[in-house]
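The values are calculated or read from the model by the stated rules, or taken from the named source; none is laboratory data. Predicted model only: the values in this text are computed from it and were never measured. Don't worry about glycine lacking a Cβ; one is built from the backbone with ideal geometry, like all the others, and counts go over all protein chains shown. Surface areas here come from the heavy atoms of the whole protein model, side chains and all, with no ligands, DNA or RNA. Shrake-Rupley method; radii C 1.70, N 1.55, O 1.52, S 1.80 Å.
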Amino acid sequence: MTDESKPADGLNAALLERLGNRSIVFVGLMGAGKTAIGRRVATTLGLAFIDSDHEIETVSRMTIPELFERYGEAEFRALEQRVIARILENGPLVLSTGGGAYMSEQTRKAIADHGVSIWLKADLDTLMERVIKKQNRPLLKTADPRAVMQKLMDERYPTYAKADVTVATRQERKEVIADEVIAALRSRLGLEDETPVGEEKQ
Ligand code: S3P
């Protein structure tokens, strides 16, 4: 059996038990690593992983840039809200949300009702280094994407800070950040000093 597919060990089993039907929901800016870290956390815990942007592209049969271009941001946001609400009915799973999703009050409520939210917080250089490699973010198709990203940080960070857990992400291996996310989750769920399931104290 490979490391990737191993079942949850005692510590993770305790976390899953505490999580119940709630999902683990990643929020944060473009380039924060929500998809990469989310996928890794899902694999570690043996949960399904869903990326909301990917799901939106599947249901609309359009790419995110096409959706923005043809229908505009407001329509995209309405679809995003509906798609995330539906995904959250099927927990527990790991969901990574598009960077603007958590700005919707309705989506924040749905996440609070059905999940535990994790803000992957990153600095401007880290975000820019990651997003510069791809051309799939309509909001950054401007003459000065760095200035746009800075503006989004100013506008959004106070809202992202409402998430249940904040993990500072940086240029580090995703395994390391994913382990930090799981440790922060354990702490949030009150499991710091718990004995792993199957290893009860004598
Ligand atoms: C957006 C972030 C993108 C995508 C869309 C809008 C945003 O998702 O939903 O381009 O408003 O920050 P990622 O954060 O996954 O890049």
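Give me the one-decimal nm value for the distance between modelled label points at Glu172 and Thr63, 7 Å along each residue's Cα-to-Cβ direction.
Once both label points are built, they end up 3.3 nm from each other.
Using the Karplus equation 6.51 cos²θ - 1.76 cosθ + 1.60 (θ = phi - 60°), what ³J(HN,Hα) coupling, rounded to whole Hz, does each residue of segment 176-191 give in order, writing x for Gly and Pro?
After applying 6.51 cos²θ - 1.76 cosθ + 1.60, I find 5, 5, 4, 5, 5, 4, 5, 5, 5, 5, 4, 5, 4, 8, x, 10 Hz.
All other residues with a Cβ under 12 Å from the Cβ of Ile132 taken together, and with Lys, Arg as +1 and Asp, Glu as -1, what is their net charge?
Details: positive: Arg130, Lys133, Lys134, Arg137, Arg146; negative: Asp125, Glu129.
Charge balance in the 12 Å sphere: +3.
What does DSSP give for segment 3-193 in terms of the percent of beta bridges that are antiparallel, rounded to the nearest 5? Provide the component values of the computation, followed by the final result.
On the way: 0 of 15 bridges.
Roughly 0 percent of the DSSP beta bridges within segment 3-193 come out antiparallel.
Skipping prolines and chain starts, which residues have an amide H placed within reach, meaning under 5 Å, of the one on Asp51, given they are 5 or more residues away or on another chain?
Hits under the 5 Å cutoff: Ser96.
Please give the contour-minus-distance gain from Lys133 to Ala48: 0.36 nm per residue of separation, less the Cα-Cα distance, rounded to one decimal in nm. Intermediate values should be presented prior to the final figure.
Working: separation 85, 0.36 × 85 = 30.60 nm, distance 2.71 nm.
Between Lys133 and Ala48, full extension yields an extra 27.9 nm.
In whole percent, and with a 1.4 Å probe on the protein chains, what portion of the accessible area of the chain is carbon and sulfur?
Looking at the chain in its full context, I get 48 percent from C and S.
Per-residue accessible area for Asp123 at 1.4 Å probe radius, Å² rounded to 10?
For Asp123, solvent-accessible area is about 90 Å².
Write down Rg/Rh for the chain, rounded to two decimals, with Rg from the C-alpha atoms and Rh from the Kirkwood relation over Cα pairs.
Details: Rg = 17.3 Å, Rh = 17.6 Å.
Reported Rg/Rh (Cα atoms, Kirkwood Rh): 0.98.
Mind ranking Lys174, Lys151 by accessible surface for me, highest first, 1.4 Å probe?
Sorted by accessible area, descending: Lys151, Lys174.
Which residues' amide hydrogens lie under 5 Å from the amide hydrogen of Ser23, considering only partners 5 or more residues apart or on another chain, with H built in the peptide plane?
When sequence neighbours closer than 5 places are left aside, the close amide H contacts are Leu93, Gly115, Val116.
Using DSSP to define loop residues, name the trypsin sites (Lys or Arg not before Pro) in segment 1-87 whose beta-carbon has at most 11 other beta-carbon atoms within 10 Å. Intermediate results must be reported in sequence, preceding the final value.
Numbers: sites: Arg18, Arg22, Lys34, Arg39, Arg40, Arg61, Arg70, Arg77, Arg82, Arg86; in loops: Arg22, Arg61.
Answer in residue order: Arg61.
Which length gain, in nm to one decimal place, applies between Asn21 and Lys109 when the Cα-Cα distance is subtracted from 0.36 nm times their residue separation? Walk me through the numbers on the way to the answer.
Values: separation 88, 0.36 × 88 = 31.68 nm, distance 1.60 nm.
The Asn21-Lys109 span can extend by a further 30.1 nm.
Take Thr126, Thr58 and sort them by solvent-accessible surface of the protein heavy atoms, 1.4 Å probe, largest at the top.
Details: Thr126 10, Thr58 80 Å².
These residues rank, largest area first, as Thr58, Thr126.
If DNA, RNA and ligands are ignored and the probe is 1.4 Å, what is the ranking of Ser117, Ser187 by accessible area, most exposed first?
On the way: Ser117 5, Ser187 50 Å².
These residues rank, largest area first, as Ser187, Ser117.
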